[in-house]
Number of protein chains: 2
Amino acid sequence: MAEVTIKDVAALAGVSAATTSRVLSGNPATSSQARVKVAAAVKELDYRPNAQARALRSTRSDSIGLLVPDVRNPFFADLAHTVEQAALSQGYVTLLGNANEKKVQQDRYLDTLISRRVDGIIVAPLGDGGGSIHALIEREIPTVFVDRTVDGIDVPSVTTDSKVGIRQTVKHLAALGHTRIGYISGPQATSTGRDRFAAFTAAVADAGLSQDSDLVYFGDFQAGSGSAGVHALLQLDDPPTALLAADSLMAVGAIAILHKLGLGIGTDIALVAFDDIEWFALLNPALSVISHSVEDMGRIAVDLLLQVIAGESPQSVVLPSELVIRASSMSPILPAASRRKN
Amino acid sequence: MAEVTIKDVAALAGVSAATTSRVLSGNPATSSQARVKVAAAVKELDYRPNAQARALRSTRSDSIGLLVPDVRNPFFADLAHTVEQAALSQGYVTLLGNANEKKVQQDRYLDTLISRRVDGIIVAPLGDGGGSIHALIEREIPTVFVDRTVDGIDVPSVTTDSKVGIRQTVKHLAALGHTRIGYISGPQATSTGRDRFAAFTAAVADAGLSQDSDLVYFGDFQAGSGSAGVHALLQLDDPPTALLAADSLMAVGAIAILHKLGLGIGTDIALVAFDDIEWFALLNPALSVISHSVEDMGRIAVDLLLQVIAGESPQSVVLPSELVIRASSMSPILPAASRRKN
DNA sequence: CGTGTTCGTGGAATCGATTCCATGGAATCG
DNA sequence: CGATTCCATGGAATCGATTCCACGAACACG
């Protein structure tokens with residue numbers, strides 16, 4: 001334990017620990033001689049303050065927590081990246097937790113983050129307001145929801161307005177002649193799952209398309225359920241001619257099984273995905289997507305959180321979504337006769 | 001500041017803080033009555049120990065740091081995921097840092113992690129052994145390198161033996177008739193960049209293929225340089241008929257520009273990428289890859305780190321790599337006459 | 001020239017938990 | 001039955017930094 005402490009620095013600089021601390025924290029009540037002597041001693045000893053001790057006394061840790069449902073989901077990886085960069089530029093370090101789409105793991109991480117006394121938490125929540133999410137509110141720990149929200153819990157949030165993008169998509173598909181659109185939905189236990197489903201239902205009704213409830217498959221935002229969804233939808237007596245997947249991972253699963261079944265995306269069946277991912281444009285055919293800005297979402301989430309930490313009560317922000325048409329949904333529908341049936 | 005401390009718990013339970021601490025840390029020197037009373041008080045007050053104070057006194061923080069060069073690189077996102085899960089199962093939380101392929105940011109994060117007194121650090125290093133990497137060693141902070149290493153710095157590591165996979169790839173491409181293979185290399189400032197380049201050079205020589213140095217483009221492991229590399233290689237007087245990209249992001253860049261140029265992957269030009277990513281199999285045509293196990297890498301890195309923390313000196317581990325042939329490199333080479341030239 | 005500010009500084013208390021040490025009561029042994 | 005061991009327990013020191021408070025020197029003003 002040859003740990004260098006503030007006392008060692010103080011001794012070498014020939015001043016007290018109190019003065020050393022003042023110099024290090026930029027307190028103006030210090031003489032220039034003290035400043036240079038301390039600076040020299042710090043350099044000489046390669047001193048790094050113990051963040052734990054500092055946090056214990058000053059009750060701020062200069063760190064925030066970010067809890068995402070799944071780091072491997074490119075959308076959340078991007079989010080982690082932007083949040084982390086934005087936080088860093090404000091002097092905060094980000095502790096990343098991965099709930100792995102499991103409520104118990106979410107609770108486990110929230111507990112840990114609370115224990116470590118992070119200054120605030122950004123979370124894309126899953127489940128209802130029970131468990132540790134509730135504890136956050138009770139302890140008045142600065143919290144911001146990102147991407148998703150939780151009913152009955154009133155904290156600032158940054159979310160996407162999925163209505164516009166989904167309405168555009170349905171209209172676009174209808175214009176190509178599609179009347180039966182299959183929807184691979186997210187879980188109704190998440191706010192994004194519910195919102196997008198509601199938006200889809202409304203858009204389909206408005207466009208006068210089939211509202212057959214068989215056309216909706218409820219997945220879990222993971223790749224596997226995208227495959228399962230396609231499988232189920234294609235086995236209908238009157239299968240859909242276009243598909244909309246409520247997130248990128250389920251779209252990946254859908255693409256995988258469509259390949260396997262030998263169905264041509266964009267020709268045999270149209271496909272649109274929610275969430276824009278760099279690679280989707282590289283697929284052949286390129287995938288149409290409902291795009292929304294991760295960068296804005298991450299940046300704004302950090303902004304809001306810092307405001308909450310500062311004691312303010314910022315308004316929630318809703319970001320727009322927008323359809324980006326690519327080859328996977330460009331061809332007009334084929335006459336029924338020439339379509340294969342699975 | 002309605003923070004619940006161990007004293008509150010002690011008071012409610014009718015015992016001292018010392019006893020409460022013993023109960024909470026599972027010290028056997030406690031009576032069963034004390035245990036039940038403390039447990040009840042903890043529950044009643046919803047007490048969470050202050051991890052900072054605990055770490056300050058006990059000099060362990062039960063946390064490890066993971067520093068990756070880029071979270072948005074799916075390979076490192078996967079790595080983050082497995083490391084985090086493996087660490088969690090051993091009772092450690094992971095603090096994720098993102099160097100963003102920048103040495104200054106790497107140093108910034110290492111400093112922060114050192115300040116926070118993490119129990120150990122897993123890092124995929126960039127740059128030479130200077131800066132904060134050096135400080136890690138000097139302070140004898142348990143460190144493990146993952147994926148990459150740093151010359152002259154002797155810490156346990158988990159890396160991939162790229163030789164086998166690259167040799168298989170070159171042999172495979174040669175068998176299809178390719179004689180000029182373009183190589184989009186990683187930066188020579190990273191160990192993986194150097195290793196893979198050396199392996200490629202050796203394999204090409206062994207197979208008796210063209211060793212034209214113009215066939216090598218030096219990129220930076222990011223998508224943009226993949227595009228730039230393809231661009232440069234195709235402008236040669238005698239352009240390559242097959243390409244090998246040294247990581248997944250550069251492969252993504254390569255695919256993007258090949259699409260843009262209207263060149264058919266697997267037909268006009270063969271393409272193989274290092275790093276297996278779930279989506280690569282979904283591309284049309286599916287991408288041939290040199291695959292290595294991220295799961296193993298992450299799990300073993302955590303294993304090694306825990307051993308180092310425990311004071312042992314484990315051996316470094318080298319994992320195998322292997323060629324997975326898919327459609328992007330399956331067709332025999334076309335006769336030169338029928339190939340378009342760019 | 002004395003009184004009153006201003007200003008840099010050091011001593012000491014403090015944050016919340018862990019842990020050494022001493023204590024007193026119960027259990028065990030000769 | 002007295003002496004010894006054992007064991008649960010509480011008091012107090014401790015980890016490393018921050019910050020309140022008081023002190024003394026320097027300076028300005030009347």
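The values are calculated or read from the model by the stated rules, or taken from the named source; none is laboratory data. Everything quoted here is computed from the prediction, not taken from an experiment. Cβ atoms come from the backbone with ideal geometry, glycine included; neighbour counts cover every protein chain shown. With ligands, DNA and RNA removed, areas are computed over all heavy atoms of the protein, side chains included. Shrake-Rupley method; radii C 1.70, N 1.55, O 1.52, S 1.80 Å.
Data for the structure
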item: Shortest-first nm distances, B:K7 label point to equivalent points in other copies (7 Å, Cα→Cβ); result: 2.3
item: Interchain or long-range residues, amide H under 5 Å from A:F218's placed H; result: A:S185
item: Exposure rank, largest accessible area first [B:L56, A:L305; 1.4 Å]; result: B:L56, A:L305
item: Note, ³J(HN,Hα) from phi for the stretch B:152-158, Karplus 6.51, -1.76, 1.60, rounded to Hz, x at Gly and Pro; result: x, 10, 9, 10, x, 8, 10
item: Per-residue HN-Hα couplings for the stretch B:225-240 [Karplus 6.51, -1.76, 1.60; θ = phi - 60°; Hz; x = Gly/Pro]; result: 6, x, 4, 4, x, 4, 3, 5, 5, 6, 8, 5, 4, 10, x, x
item: DSSP loop trypsin sites (Lys or Arg not before Pro) with at most 11 other Cβ within 10 Å excluded, longest remaining stretch of chain B; result: B:1-339
item: Size-normalised alpha-carbon gyration radius of the stretch A:220-342, reference 2.2 N^0.38 Å; result: 1.32
item: Calculated log₁₀ intensity ratio I(q)/I(0) where the Debye formula runs over C-alpha points of the stretch B:18-147, q = 0.11, 0.13, 0.19 Å⁻¹; result: -0.51, -0.64, -1.02
item: Where N is the number of residues in chain A, Cα Rg divided by 2.2 N^0.38 Å; result: 1.27
item: Shortest-first distances to equivalent copies, position A:D214, nm, label 7 Å out along Cβ; result: 6.2
item: Per-residue average of Cβ from other chains inside 10 Å of B:77-84; result: 4
item: Part-to-part distance (alpha-carbon centres) for the stretch B:133-181 and the stretch A:254-301, which is given in Å; result: 33
item: Low-density loop positions, GluC sites (Glu not before Pro), the stretch B:44-147 - DSSP coil, at most 11 other Cβ in 10 Å; result: B:E140
item: Cβ neighbours within 10 Å from other chains - mean over B:255-268; result: 1
item: Residue-averaged beta-carbon neighbours from other chains (10 angstrom radius) around B:27-40; result: 0
item: Exceeding the 32 Å Cα-Cα cut-off - candidates A:K260/B:K103; A:K171/B:K260; A:K43/B:K7; A:K102/B:K103; B:K102/B:K171; result: A:K260/B:K103; A:K43/B:K7; A:K102/B:K103; B:K102/B:K171
item: Alpha carbon centroid spacing (whole Å) that separates the stretch A:41-95 from the stretch B:1-29; result: 30
item: Sequence-distant residues sharing a close amide H with B:R117 (under 5 Å, placed H); result: A:A51
item: Compactness relative to 2.2 N^0.38 Å, alpha carbon Rg of the stretch A:6-49; result: 0.95
item: Helix-only [θ]222 nm of chain B, DSSP H runs n ≥ 4, -39500 (n - 2.57) each, per residue, nearest 500; result: -13500 deg cm²/dmol
item: 5 angstrom amide H check on B:T143, placed H, neighbours 5+ away; result: B:I121
item: Residue-level accessible surface for A:M330, protein heavy atoms, 1.4 Å, Å²; result: 110
item: Low-density loop cleavage sites - GluC sites (Glu not before Pro) in the stretch A:249-314, where at most 13 other Cβ are within 10 Å (DSSP); result: A:E312
item: Cα-based Rg and Dmax for the protein assembly as shown, where Dmax is the largest Cα-Cα distance (Å); result: 27.9, 92
item: Exposure of B:I265 as accessible area (Å², to 10), given a probe of 1.4 Å and all protein chains; result: 20
item: Label 7 Å beyond Cα on the Cβ vector: B:N27 copy-to-copy distances, nm; result: 3.4
item: Karplus-derived 3J(HN,Hα), 6.51/-1.76/1.60, for each residue of the stretch B:275-282, Hz, glycine and proline x; result: 5, 9, 10, 3, 5, 4, 6, 8
